[in-house]
1. Can you tell me which residue among 57, 10 is surrounded by 12 or more Cβ atoms within 10 Å (Cβ to Cβ) and touching a residue at least 60 places away in the same chain (Cβ under 8 Å)?
2. Condition first: within 13 Å of residue 7 (Cβ to Cβ), in contact (Cβ under 8 Å) with a residue 60 or more places away in the chain and surrounded by fewer than 20 Cβ atoms within 10 Å (Cβ to Cβ). Now tell me which residues in the stretch 77-122 satisfy that.
3. Only one of (1) over 16 Å from the mean Cα position of the chain (by Cα); (2) more than 22 Å from residue 91 (Cβ to Cβ); (3) surrounded by 12 or more Cβ atoms within 10 Å (Cβ to Cβ) is not met by residue 73, so which one is it?
4. What is the one condition in (1) within 22 Å of residue 95 (Cβ to Cβ); (2) touching a helix residue (DSSP H, G or I) at 6+ places or on another chain (Cβ under 9 Å) that residue 51 does not satisfy?
5. Find the residue count for the stretch 23-47, including only residues that are touching a helix residue (DSSP H, G or I) at 6+ places or on another chain (Cβ under 7 Å) and farther than 15 Å from residue 95 by Cβ.
C-alpha cells in the first residue's frame with residue numbers, strides 16, 4: 001500500500017546527496033514516484049552514468065501510472081488554475097495521482113500544489 005508520493009524535487013535532492021534528503025528517506029516506507037516525476041527525473045540525467053544513478057535512486061519506490069480519471073481531472077484543474085495560478089500541466093498530472101489515491105505528496109513546491117490539493121495532502125518533508 002502506498003503511504004505517500006515523492007515529487008521530482010525530492011528525487012533531485014537525493015541525486016545530489018543532500019544530507020536532509022538522505023536522512024528523511026531513510027525513515028520512510030511505502031513511497032511511490034508518479035510517472036511524470038519519473039519522466040522528469042530521467043530527462044534531467046546527464047549521460048549513461050547519470051541515467052543509471054537516477055534509475056538506482058528510483059528503484060526502491062513503486063511507480064504510479066496515470067489513469068483516464070487522472071487525465072480528466074488534470075484537464076479540469078488546468079482550465080481552472082493555469083491562468084490564475086500559473087499551474088503547469090506536469091504539476092497537475094502529479095497532483096491527479098495524489099488526489100485519486102488520497103495520499104500525501106512530499107514536495108518542496110507546496111505553493112504550486114495548494115490551489116488544487118487540500119493542505120493535508122501537500123507536505124514539505126524536511
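Nothing in this text is a laboratory measurement; each read-out follows from the coordinates by a stated rule. None of these values were measured; they are calculated from a predicted model. We place every Cβ from the backbone using ideal geometry, glycine too, and count neighbours over all the protein chains shown.
1. Values: 57 fails: touching a residue at least 60 places away in the same chain (Cβ under 8 Å).
So the residue among 57, 10 that is surrounded by 12 or more Cβ atoms within 10 Å (Cβ to Cβ) and touching a residue at least 60 places away in the same chain (Cβ under 8 Å) is 10.
2. Correct list: 103, 104, 108, 109.
3. Failing condition for residue 73: (2).
4. Checking residue 51 against (1) within 22 Å of residue 95 (Cβ to Cβ); (2) touching a helix residue (DSSP H, G or I) at 6+ places or on another chain (Cβ under 9 Å), the one that fails is (1).
5. Final tally of qualifying residues: 5.
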